[in-house]
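To keep things clear, I will list the structure first and then write my remarks on it.
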Amino acid sequence: MLAVVLSPWLHGQIVYPTGDDAFGASACCSGVHPNLPQIVGPTVLGSNQLGRYGILEDCQLKVSHDVTVTVNLFPHPGGTSATEGLPACDEFVARIDVKYAANGMTFSVLGNNPASPNDRERFVLAKYVRTWTGLGPDGQTQFRFWHYMLEGDANSFDNSPTALIPGSDIPSCWSANPVHPVSFGNVVFRGYLILMSPLEDGGAYTTVNGQDYTLVLSHYDGCLDHLDAPNLNERAIASGLPTKHVGRSYHIVTPYFFQWTTNPPLGAALEFTNTSMDSLRSTVSHTTLGNAPGPLCLGEMPLVATSTTDSVKCNCITPGAGGSGALDHNQVFLSAANYGLCGGASHHWNSYYLVPELPTGFTQTYLGHWLSSARPDLRFVRTTLAVGTIQYADHCAAVNNYVTNEEHIIWGNALLWPALNASNVPTIQIAGASFVTDYMLHFGNHVDKQDVRVAGVPAYVNVIWNLIR
């Protein structure tokens, strides 16, 4: 009985580290053991946080519903010597419950409780990208923020006749009996979760109605999420099918006081010019039988990247639809031909034309911004979602004897702090250096299973791009 009373695993907790994340402290392509939050047992993060479920159609807001969101965190289930499932050092998993704000009934559930090591495709995977400091939700105390990319399937939707959100507002590709292989469902949501903790010893932070995290999740427009490139996209749907929902995307945003799609930034506001602290890194998150040198987290590889905005328009429009908003920023991304001191090799990445839906190989879609009445850490902050086709030969994976596909479909998000919130822009520490930034863009092939083999053993090799202005 004493063990039951004292065990911290019963209720769970997040153990926050101090200091830098350590990814930039090691030589690039070498193994690293970062300082990241630890999820100790099942942990509820901000129960019933008020947010919004919105639908964009032809780059304009079609509808917005009030919902409440509860994020349930779990340690990564890992694996055994005989099964896939070994996590990289920068992962945990989640289940996200979305309810009708009006009556508390369940609208949707994303991810399951991780019941076994083979359930990798049955929960929402959280993969770390960056940490920074700034004023927290109370507007006074310095906080550290921990940013994770998310990807996972919706396991259910309420499409009953009495549902508060009509069935027409549920993704048309959803099915309770998905046809895609490897347990994938039809409706994948991608986005990010920001955890936070006071920096000061004993710093007091009392949540208000569970408003203690930031969550943005999107089921991308069907012309992108269901991109008809079966060799690269497991969820490809052929053109002309109604389940492809061309022109329509679905989004969950918390906390509340979020304004959809008005006042999109100028193209130049989302561009980069040779920022010295940009980086990318590889991780190997799944191996079997111990025959491959994973799981691995590799030290960050420095890069210098530039981008220009080619056009701002609406890329995906419902067939036969009329006018549309201009929310898609088509961008050209390039890196230098040899941007890091990694083995003396020539290595680079670039966005490139692969499919007509991505004319420059990279697009950021503006979602909206938080209003002045939002939490102080989020006031006026803008957010975008990103998708692209990237050509990149993974140098760090190759150094560790992995050979990967050079063509990647990547997904991610950006955060932009405008002048109205200049007093609260993030301060980032990387390998002892400290600097502020008003714009962060993170993207990756972060849970895409490539045809990667070492000694005949399949593995997940994930690349994370970190761009900071």
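The values are calculated or read from the model by the stated rules, or taken from the named source; none is laboratory data. This one's a predicted model, so the numbers in the text were calculated from it and none came from an experiment. Ideal geometry is used to build each Cβ from the backbone, glycine not excepted, and the neighbour counts take in all protein chains shown.
A few comments on the model shown:
- Figure legend. Inter-residue proximity from segment 356-368: first residues among the charged types (D, E, K, R), second residues part of a loop (DSSP other than H, G, I, E, B), beta-carbon distance below 7 Å, spacing 6+ or different chains. Indicated pairs: GLU357/LEU227; GLU357/ASN315; GLU357/CYS316.
- Residue match in segment 257-272 (condition: out of contact with any Ser or Thr (no Cβ under 8 Å at 6 or more places or on another chain) and part of a helix (DSSP H, G or I)): yes
- Across segment 1-15, a minimum of one residue is classified as modelled with pLDDT of 85 or more and more than 30 Å from TYR100 (Cβ to Cβ).
- Test for CYS29: is it in contact (Cβ under 8 Å) with a residue 24 or more places away in the chain and either touching a helix residue (DSSP H, G or I) at 6+ places or on another chain (Cβ under 9 Å) or among the acidic types (Asp, Glu) (or both): yes
- Output for segment 165-178, where each listed residue is surrounded by fewer than 17 Cβ atoms within 10 Å (Cβ to Cβ) and aliphatic (A, V, I, L, M): ALA176
- Number of the exception - ILE409 against (1) more than 16 Å from the chain's Cα centre (by Cα); (2) over 30 Å from GLY139 (Cα atoms): (1)
- Beta carbons closer than 6 Å, at least 6 apart along the sequence or on distinct chains, pair a first residue in segment 205-223 that is of a type in the set (Asp, Glu) with a second that is outside any loop (DSSP other than H, G, I, E, B) and at pLDDT 95 or above for ASP221/SER249.
- For the condition under 18 Å from ARG190 (Cα atoms), modelled with pLDDT of 90 or more and in contact with a strand residue (DSSP E or B) (Cβ under 9 Å, 6 or more places away or on another chain), LEU415 qualifies.
- Residue among ASN330, ASN421 that alone is outside any loop (DSSP other than H, G, I, E, B), buried (at least 17 other Cβ atoms within 10 Å of the Cβ) and at pLDDT below 90: ASN421
- Qualifying positions in segment 387-409 - surrounded by fewer than 23 Cβ atoms within 10 Å (Cβ to Cβ) and among the hydrophobic types (A, V, I, L, M, F, W, C): ILE390, ALA393, ALA398, VAL399, VAL403, ILE409
- Filter result (over 30 Å from ALA433 (Cβ atoms), at pLDDT 90 or above and surrounded by fewer than 23 Cβ atoms within 10 Å (Cβ to Cβ)) within segment 108-150: VAL109
- Residue in segment 315-325 that is part of a strand (DSSP E or B), touching an Asp or Glu at 6+ places or on another chain (Cβ under 9 Å), surrounded by 18 or more Cβ atoms within 10 Å (Cβ to Cβ) and at pLDDT below 85 present: no
- Top-ranked residue of segment 275-310 - restricted to ones that are part of a strand (DSSP E or B) and hydrophobic (A, V, I, L, M, F, W, C), ranked as modelled with the lowest pLDDT: VAL284
- The sole residue among GLY343, GLY368, GLY361 that is modelled with pLDDT of 80 or more and under 18 Å from TYR392 (Cα atoms) is GLY361.
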